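S.K.: Please find one structure pasted underneath; my questions will follow.
The values are calculated or read from the model by the stated rules, or taken from the named source; none is laboratory data. Just so we're clear, the structure is a prediction, and the values are computed from it rather than from any experiment. Note that each Cβ is placed from the backbone with ideal geometry, even for glycine, and that neighbours are counted across all protein chains shown.
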Amino acid sequence: MSAICEACDKPHGGLFIAGCRGCGIRSLARGPLFFAAAQAGKLTREYRRALLALGSDAAAVHAEVKAQAEALAAGRAST
Ligand SMILES: [Zn+2]
């Protein structure tokens, strides 16, 4: 359970609050580590480390990041 912070309320605002899990997921989704992992087709070592900072199951956190990246892309396309 996580409260929506001010930055999460405006996901396209480019704002990230340190310590907010939602912001961490979103920052990864827009970051170079996620991009590199997508290009490589696997979880790179650095990306996996970043995922594990947000949860104990890297694959599960990656699924969240991927969903967030798709939501952000969809949001940009529709506005
Ligand atoms: Zn947040």
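S.K.: Restricting to segment 1-38, give me the number of residues that are modelled with pLDDT of 95 or more and away from the ligand (no atom under 16 Å from the Cβ).
M.R.: Qualifying residue count, segment 1-38: 6.
S.K.: Mind checking which residues of segment 20-67 are out of contact with any helix residue (DSSP H, G or I) (no Cβ under 6 Å at 6 or more places or on another chain) and within 21 Å of ILE4 (Cβ to Cβ)?
M.R.: Passing the criteria: CYS20, ARG21, GLY24, SER27, ARG30, GLY31, ALA53, ALA60, ALA63, LYS66, ALA67.
S.K.: I've got another one for you. Mind checking whether some residue in segment 70-78 is in contact (Cβ under 8 Å) with a residue 40 or more places away in the chain and away from the ligand (no atom under 16 Å from the Cβ)?
M.R.: yes
S.K.: Every residue in segment 16-46 that is aliphatic (A, V, I, L, M) and either in contact (Cβ under 8 Å) with a residue 12 or more places away in the chain or surrounded by 15 or more Cβ atoms within 10 Å (Cβ to Cβ) (or both), please.
M.R.: ILE17, ILE25, LEU28, ALA29, LEU33, ALA37, LEU43
S.K.: Would you please list the contacts, defined by Cβ atoms under 6 Å and residues six or more apart or on different chains, that run from a residue in segment 47-64 that is closer than 11 Å to GLY24 by Cα to a residue that is in a loop (DSSP other than H, G, I, E, B)?
M.R.: Once the first residue is closer than 11 Å to GLY24 by Cα and sits in segment 47-64, its partners that are in a loop (DSSP other than H, G, I, E, B) give VAL61/LEU54; VAL61/GLY55.
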